[in-house]
Amino acid sequence: MKILLKESFDEWQKMINQSDWGHKILICCGHKPTAISIATLFAIDPESKTDHLIGVCTSQSECLELIQQSHDPLLIFISGRLDDGSGISLINAIHDQALSASGEDHITVLTLNTVNPLSLKEAINSSANIILTHRGFETLTIYHVLHSVKEKINYVDPLIHHILDPSHLRKSNLLSKRELNVLELVCDGMTNHEIGSELHIADVTARQHVQAVIRKLHARNRTDSAVKAIREGLVE
């Protein structure tokens, strides 16, 4: 099995190391090769702040044990499937048992292995603070997650709302007026430099708006964001 985690992990680790929210990190991932790879990358990287990470496990029982041993509020990344149950079951157990000895709430991040509507509804009805689809390790998604953690707000992957209600993107105020302007120019095939010139903004600002649009639409790239925008009627 070939595992390519390094690029996304570098960005993820950089953002975690620069964070200031005060939570320790716990990862519970039912996919053992991924769990082992993450733990190994933390362990062998000389620049890693390993004190951020209290453990990597693959089962609900192991995760609950690590939580009980910790005296810090935790940011807990949980996969949809675990060795001995589901991620949703673990999240509800963490919530119901109020295991934080520090008196502060843990923050749970659930990454689903499926986009089955029944599973998505179950996840939304769970106690998870942040709910992602299988692309939870992508750099832009990680950035958005950590921003949500820092601002103490809950976050549900826009793709989930789109699957459960395809008209969600049209009905919501997902994009700002400026982002919609940028999206229209992306659909016209403009580069970041051309967008900047058209809107009289710096190239770096145009790039940031494009990245925000891609993130909010849960698109793979700018081309995919244009396809979604046209399909969902976000642009004329």
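Does region 222-231 hold any residues that are touching a helix residue (DSSP H, G or I) at 6+ places or on another chain (Cβ under 7 Å) and open to solvent by 10 Å² or more (accessible area, probe 1.4 Å), and which are they? Please lay out each step first, then the result.
Taking region 222-231 and keeping what is touching a helix residue (DSSP H, G or I) at 6+ places or on another chain (Cβ under 7 Å), we get 222, 225-226, 229-230.
Those that are touching a helix residue (DSSP H, G or I) at 6+ places or on another chain (Cβ under 7 Å) and open to solvent by 10 Å² or more (accessible area, probe 1.4 Å): Arg222, Ala226, Ile230.
Might you check whether a residue that is of a type in the set (Ser, Thr, Tyr), at pLDDT 80 or above, loosely packed, with under 15 Cβ neighbours inside 10 Å and over 26 Å from Asn116 (Cβ atoms) occurs anywhere in region 190-197?
Here is the first cut: in region 190-197, the residues of a type in the set (Ser, Thr, Tyr) are 191, 197.
Then keep just the ones that are at pLDDT 80 or above; that gives 191, 197.
Remaining after also requiring loosely packed, with under 15 Cβ neighbours inside 10 Å: 197.
After this cut, where a residue has to be over 26 Å from Asn116 (Cβ atoms) as well, the list is 197.
Yes: region 190-197 contains one or more residues that are of a type in the set (Ser, Thr, Tyr), at pLDDT 80 or above, loosely packed, with under 15 Cβ neighbours inside 10 Å and over 26 Å from Asn116 (Cβ atoms).
Looking at Gln13 and the list (1) in contact with a Phe, Trp or Tyr (Cβ under 8 Å, 6 or more places away or on another chain); (2) at pLDDT 70 or above, which single condition is not satisfied?
Checking Gln13 against (1) in contact with a Phe, Trp or Tyr (Cβ under 8 Å, 6 or more places away or on another chain); (2) at pLDDT 70 or above, the one that fails is (2).
Of everything in region 202-221 that's closer than 19 Å to Asp157 by Cβ and modelled with pLDDT of 85 or more, which residue is surrounded by the most Cβ atoms within 10 Å (Cβ to Cβ)?
Val213
Give me the residue from region 20-36 that is of a type outside the set (A, V, I, L, M) and open to solvent by less than 30 Å² (accessible area, probe 1.4 Å) and, out of that set, modelled with the highest pLDDT.
Looking only at region 20-36, we keep the residues that are of a type outside the set (A, V, I, L, M), and these are 20-24, 28-34.
After this cut, where a residue has to be open to solvent by less than 30 Å² (accessible area, probe 1.4 Å) as well, the list is 23, 28-30, 34.
Working: His23: 81, Cys28: 93, Cys29: 90, Gly30: 87, Thr34: 76.
By that ranking, first place goes to Cys28.
Does region 168-179 hold any residues that are assigned to a helix (DSSP H, G or I) and either modelled with pLDDT under 90 or crowded, with 16+ Cβ neighbours inside 10 Å (or both), and which are they? Steps first, answer last, please.
Kept after step one, since they are assigned to a helix (DSSP H, G or I), are these residues of region 168-179: 168-171, 177-179.
The answer is His168, Leu169, Arg170, Lys171, Lys177, Glu179.
Checking the conditions here, which among Leu75, Leu82 is open to solvent by less than 10 Å² (accessible area, probe 1.4 Å) and modelled with pLDDT of 85 or more? Full working, then the answer.
Numbers: Leu82 fails: open to solvent by less than 10 Å² (accessible area, probe 1.4 Å).
Unique residue meeting the criteria: Leu75.
The values are calculated or read from the model by the stated rules, or taken from the named source; none is laboratory data. All values derive from a computational prediction rather than experimental measurement. Backbone-built Cβ (ideal geometry, glycine too); neighbour counts: all protein chains shown. Quick note on the areas: whole protein, heavy atoms, side chains included, nothing else; ligands and nucleic acids left out. Shrake-Rupley method; radii C 1.70, N 1.55, O 1.52, S 1.80 Å.
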